[in-house]
1. Just report the Cα centroid separation between the range 130-193 and the range 274-321, whole Å.
2. Near Asn215, within a Cβ-to-Cβ distance under 11 Å, what is the net charge of the other residues, with Lys and Arg +1 and Asp and Glu -1?
3. Let me have the relative contact order for the chain, percent, based on Cα pairs under 8 Å that are six or more residues apart.
4. Using a Gaussian network for the chain with springs between C-alpha atoms less than 10 Å apart, which of these wobbles most: Asp45, Asp100, Asp18?
5. How much net charge surrounds Asp127 when only other residues with a Cβ under 9 Å from its Cβ are counted (Lys, Arg +1; Asp, Glu -1)?
6. Of Lys16/Lys40; Lys61/Lys235; Lys78/Lys261, which sit over 29 Å apart, Cα to Cα?
7. Could you put Trp241, Trp236 in order, starting from the residue whose Cβ has the fewest other Cβ atoms within 10 Å?
8. Please arrange Leu19, Leu69 by counting, for each residue, the other beta carbons lying within 10 Å of its beta carbon, fewest first.
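Where a number appears in this text, it was derived from the coordinates with a stated rule and is not lab data. Quantities reported herein were computed from a predicted structural model and do not represent experimental measurements. Heads up, the Cβs are rebuilt from the backbone with ideal geometry, glycines too, and the neighbour counts pull from every protein chain shown.
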Amino acid sequence: MFLLFAILLNFGQSDKFDLFFLHIKDIVLEQGAVLIGNIKSCYVDHDVGIIISDAISGDLKIYGFDGRLRGVVGRRGKGPGEFISPFRVVADDRFIYVVDPGLRRLSVFDKDNLKFVNSFKVEDGRDLRVIDGKFFVAFTDGKYSLHIYERGGKKVRDVLETPEVVRRNNFIADGVSIDEDAKGNIYVIHEMEYKVYKLNKEGVLFGEFQGENRNYIPPPREQFKEFYSKEKIKKWAESWWHVDKIVVLKRSGLILISLVKFNPRRFVIDIYDLNGRLLIGDIVTDYRLYCSDGDDNIYFVQEIEYGDRIDFIVKKYRIKIGEKK
């Protein structure tokens, strides 16, 4: 496995995505009476299917692995089981969980009948994991980036002090992405800082490593004093490569980190081992990385525009590890 990665490192930056990823299938998501506005997050559950949170329509949409729409959960609103801005969706054996920073609320739905179960207040929420009955809610608008709640909604504690560079520039980019490995350890990365923080399931920091990518440029040290022009901020942000997503493959113990630039829209992916050793860097793609499943399948989304219509294609891949040519 690592011999293959060592060989592939010699390619350097490459747009030959298929050197590193094996394509399994494309799943075109059905759009008829129910249209997709914007896929904020995606979660793949072998029982339920493909669950997406739609930030524009304010709901969850559930698709089978054939791409057919199986159901819609919630709607835009402030009542029980409703959303303003559903950000992150995850699931376990019994329930589907959604964190909504617009309502500052975490909602729970039954996985079998998709009915609303309950909800509780959180301070915010940009990403979410459920480990050993505890909720790990990530956001950066405060002293700490990770907030642990019990199932009843009682906060256990706040962990992982938000890096100074993130707090300083929070008004420009406040994204944070988290994932877990097979042991329940948590990996956290901020949009504003290419560094991975590793915490155990109790929330204790036990390691960190600096990401390596020549495209990534840290934000300026000053607090954008001359940047309080929306146009200047927009122009800077569009051309800036920043961290988009971290995905941890549970079986192989690999970490995928994607960076994004919006003008023109491109993505690059770096692959690390759990100790932070860079295995492959600068994998260029037009697909946005979203999630993986328990079998190390990796899911990207491709958006194809046809006039005023957009098709959303979930692209299923695996990392190539020593397959025969």
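1. Centre-to-centre (Cα) distance: 23 Å.
2. With Lys, Arg at +1 and Asp, Glu at -1, the neighbours total 0.
3. Relative contact order, the chain: 15 percent.
4. Answer for the Gaussian network model of the chain: Asp18.
5. +2
6. Flagged as over cut-off: Lys61/Lys235; Lys78/Lys261.
7. By the 10 Å Cβ count, ascending: Trp236, Trp241.
8. Least crowded to most crowded, the residues run Leu19, Leu69.
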